[in-house]
Ligand SMILES: Cc1cc2nc3c(=O)[nH]c(=O)nc-3n(C[C@H](O)[C@H](O)[C@H](O)COP(=O)(O)OP(=O)(O)OC[C@H]3O[C@@H](n4cnc5c(N)ncnc54)[C@H](O)[C@@H]3O)c2cc1C
């Protein structure tokens, strides 16, 4: 158990590490927060789509195991994050239901998808936190779009059916700024930014229940009474030095998407093309949009313990990716042309997606369709946290801290 005189090192200042550090500090425990980046919240946690998962996207896992695993964190994301930042998420959350569009090459056919959605809705109805989501989902319904409703969104023969589900997303860039402010305001958190951790080892070899030390290019840090590794794509490499064997299989995929701000409001639904290697659009507030086309944005895949450095792209390469994303989305969702015409700024950003799975999303047997294997791994006073999803991070951080104090 941790007490106020303990020294804690948290590795990684993404949403997981930052949330853990804040919860510990607010209980009076001093924390040193390490990150290789110059600022906290610079990587995947700043540049993702911000879908606060209720489980609908995981129709490739008909067992509902993934939906069950992500549901609780998704339902309590809003209140937990609002406690951490002191801000309401309402102004930066999508305001309409998500539309799932079933693609002709989907790995889950429309009727099976509809059946899956109804089963997820049933899970949600039974959950005690169903009233804590962005909208009360304790009696939520999933609607299949009429052909007229579908026709208003797409005229593409590639889309077989559409469904309305009550899922919401948040602007992760905005959330990242609020978490950085919260970290800055917390005197018990010492930030060690620009430090790449290379190893974590018990001070006395083999004594994992004793103090730990950290190694980095800038020298050694410690000793610490507890080390919490929340390094996402960098996690397994440090686990290995600590003596924790990575449970396989896993993969790291480096993905980029477009973050667009328009000059004028654009009225388009948030739509996801499912289930497989397709894309989506998120409309946060009619001016800020997230646009992705999976094959165009996937820049790197690795199953190594240490993934390679992300590719650096020149202006021409970036603009080719941008055009490719827009072209593919516009072919399915003609309304995306309005975003292109109105765009005032476009940023191509993203990060690593670590997953306890491998394979192609076009393959129904790929273990990437089953994402229930995430959580905390422990070796004495060393904890390694696989965040799983952005949406599950704040509540998992709270559980971890509750379990430690
Ligand atoms: C394009 C894209 C879309 C996504 N969409 C969604 C979505 O809609 N909903 C959802 O729930 N999830 C989504 N995700 C996944 C989500 O982004 C991640 O699950 C989440 O951000 C991981 O948080 P984290 O704090 O664990 O990792 P990060 O935010 O990546 O933080 C880890 C930190 O560790 C640091 N680090 C790594 N190695 C070292 C080292 N050796 N030494 C020091 N520092 C190191 C990094 O600099 C980084 O700051 C998406 C991801 C991507 C890339």
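The values are calculated or read from the model by the stated rules, or taken from the named source; none is laboratory data. In this text the structure is predicted, and so the values were computed from the model without any measurement. With ideal geometry, Cβ positions are generated from the backbone for all residues, glycine too; neighbour counts draw on all protein chains shown.
Across region 185-225, the qualifying residues are those that are more than 16 Å from the ligand (Cβ to nearest atom) and out of contact with any strand residue (DSSP E or B) (no Cβ under 7 Å at 6 or more places or on another chain), and the one among them that is farthest from residue 238 (Cα to Cα) is 185. Of note, residue 118 satisfies the criterion of being surrounded by fewer than 16 Cβ atoms within 10 Å (Cβ to Cβ) and at pLDDT 95 or above. Please tell me if residue 322 is surrounded by fewer than 19 Cβ atoms within 10 Å (Cβ to Cβ), part of a helix (DSSP H, G or I) and in contact with a strand residue (DSSP E or B) (Cβ under 8 Å, 6 or more places away or on another chain). Judged against the criteria, residue 322 is not a match. Taking the numbered list (1) more than 14 Å from the ligand (Cβ to nearest atom); (2) in contact (Cβ under 8 Å) with a residue 60 or more places away in the chain in turn, residue 292 passes all entries but (1). Taken over region 320-337, the residue count meeting the criterion of being under 17 Å from residue 261 (Cβ atoms) and without any contact (Cβ under 8 Å) to a residue 40 or more places away in the chain is 1. Per the listing 384, 362, 391, the residue uniquely under 14 Å from the mean Cα position of the chain (by Cα) and in contact (Cβ under 8 Å) with a residue 40 or more places away in the chain is 391.
So which residues in region 339-371 are surrounded by 16 or more Cβ atoms within 10 Å (Cβ to Cβ) and away from the ligand (no atom under 14 Å from the Cβ)? Across region 339-371, the qualifying residues are 339, 340, 342, 343, 346, 366, 367, 369, 370. Here 62, 13 are screened, and the one residue that is on the phi < 0 side of the Ramachandran plot and within 13 Å of the ligand (Cβ to nearest atom) is 13. For first residues located in region 38-55 and over 22 Å from residue 252 (Cβ atoms), partners that are near the ligand (Cβ under 7 Å from one of its atoms) and lie 6+ apart or on another chain with Cβ distances below 7 Å form the pairs 52/169; 52/391. What are the residues in region 142-184 that are surrounded by fewer than 18 Cβ atoms within 10 Å (Cβ to Cβ), part of a helix (DSSP H, G or I) and touching a strand residue (DSSP E or B) at 6+ places or on another chain (Cβ under 9 Å), if any? Within region 142-184, 149, 184 qualify. Count of region 16-31 residues, restricted to those that are over 12 Å from residue 183 (Cβ atoms) and outside any helix (DSSP H, G or I), is 4.
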